[in-house]
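Enquirer: Please find one structure pasted underneath; my questions will follow.
Read-outs throughout are calculated quantities, based only on the coordinates presented, and are distinct from any laboratory measurement. From a predicted model like this one, the values you see are computed outputs, not experimental measurements. Please note: Cβ atoms are built from the backbone with ideal geometry, for glycine as well, and neighbour counts cover all protein chains shown.
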Amino acid sequence: MAARSLRARYAPALQRDPELARATWEQVLALRPNRFEAWMQLGTLAARAGHRQEALSDFTQAAGLDPSHPGLLENLVTLFGELGQTPLALSALAELQSTHPQSAQWIAQRGALASLAGYEESARALFERSGVFTLPELPGVCFARAKEERQQGEKLLADCLESAAQRGYAREHAAAGDWTAAARSYRQELHVSAEYLAGGARPVRLELAAALAQDGKTEEARSELDGLEPTRDEFARLPEWAHGKLEPLLETPR
């Protein structure tokens, strides 16, 4: 059973039903464990569902079969950026650019996706490589530029700037000890980023939970943390003020 013939036969149904698509590609792998396309499709399905670690596992399997495949490298640039793995994102980008160069706009869009995932360091590094876009430091400037980009029809960049603005406002409120206002701005950011990631950016959800705990809303904070299971790396990246409030609400980070 060839993966290509399976895709041709079931393409419309696979597009409508991600679970059927996953079961179909797993069936392909049961017969042909080294089918590159099947691993790629499973990784893409996992990424679209917001299961980025699972997607990384699938793409790693694909890399073992064809590490220089341009589609794989494109996926890895995006995924590593959205996981905040800056050196790996830049390494994959360098390899991609050496064989199948992408446009500056494409690279900027990867930066925007990294920013919407809550990883500004990765976003800024990718924006720098693009040479055509920068992420302002001040939230007010981000918000003004978001309006400009939206007027020009650049939705992704506009959403990136708006989410960065709301994160910045939230952190300003947190620094001032206004936890209610901080939580409100974090929620406004999640309203934007949830269009790109199920539930919104994970780092922002963690900061929101910490702000709610600081505001004495412990049960709301617990609800926001439900199912997140942050890694040690994610926990270490949080602002200092968040650590003390989140630690009692979390099991030991993985």
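Enquirer: Here are some conditions: (1) surrounded by fewer than 24 Cβ atoms within 10 Å (Cβ to Cβ); (2) more than 17 Å from the chain's Cα centre (by Cα). Leu190 meets all but one. Which one does it not meet?
Expert: (2)
Enquirer: More than 17 Å from the chain's Cα centre (by Cα) and in a loop (DSSP other than H, G, I, E, B): does that describe Gly153?
Expert: So Gly153 passes the test.
Enquirer: To continue, here is another question. Output the residue which, of all residues in the range 209-236 that are of a type in the set (A, V, I, L, M) and touching a Ser or Thr at 6+ places or on another chain (Cβ under 9 Å), is surrounded by the fewest Cβ atoms within 10 Å (Cβ to Cβ).
Expert: To start, the set of residues in the range 209-236 that are of a type in the set (A, V, I, L, M) comprises 209-213, 221, 225, 228, 236.
Subsequent filtering for residues that are touching a Ser or Thr at 6+ places or on another chain (Cβ under 9 Å) retains 209, 211-212.
Numbers: Ala209: 29, Ala211: 31, Leu212: 26.
This residue is Leu212.
Enquirer: Quick check on the range 165-175. Is at least one of its residues surrounded by fewer than 18 Cβ atoms within 10 Å (Cβ to Cβ), within 21 Å of Leu83 (Cα to Cα), among the hydrophobic types (A, V, I, L, M, F, W, C) and in contact (Cβ under 8 Å) with a residue 24 or more places away in the chain?
Expert: Looking through the range 165-175, none of the residues is surrounded by fewer than 18 Cβ atoms within 10 Å (Cβ to Cβ), within 21 Å of Leu83 (Cα to Cα), among the hydrophobic types (A, V, I, L, M, F, W, C) and in contact (Cβ under 8 Å) with a residue 24 or more places away in the chain.
Enquirer: It is to be established whether one or more residues within the range 118-126 are within 20 Å of Arg52 (Cα to Cα) and in a loop (DSSP other than H, G, I, E, B).
Expert: Checking the range 118-126: at least one residue is within 20 Å of Arg52 (Cα to Cα) and in a loop (DSSP other than H, G, I, E, B).
Enquirer: On to the next question. Search the range 87-105 for residues being aliphatic (A, V, I, L, M) and within 18 Å of the chain's Cα centre (by Cα), and hand back the single one that is nearest to Glu128 (Cα to Cα).
Expert: Only one residue tops the list, namely Leu90.
Enquirer: Working only within the range 16-65, note down all residues that are over 29 Å from Thr231 (Cα atoms), touching a residue at least 12 places away in the same chain (Cβ under 8 Å) and part of a loop (DSSP other than H, G, I, E, B).
Expert: Arg32, Asn34, Arg35
Enquirer: Would you call Gly168 farther than 28 Å from Leu56 by Cα, within 19 Å of the chain's Cα centre (by Cα) and not hydroxyl-bearing (Ser, Thr, Tyr)? Working first, answer last.
Expert: Values: farther than 28 Å from Leu56 by Cα: yes; within 19 Å of the chain's Cα centre (by Cα): yes; not hydroxyl-bearing (Ser, Thr, Tyr): yes.
Yes, satisfied.
Enquirer: Still on this structure, I have one more. Looking only at the range 93-117, count how many residues are part of a loop (DSSP other than H, G, I, E, B), surrounded by fewer than 23 Cβ atoms within 10 Å (Cβ to Cβ) and among the aliphatic types (A, V, I, L, M).
Expert: Residues that pass the stated criteria total 0.
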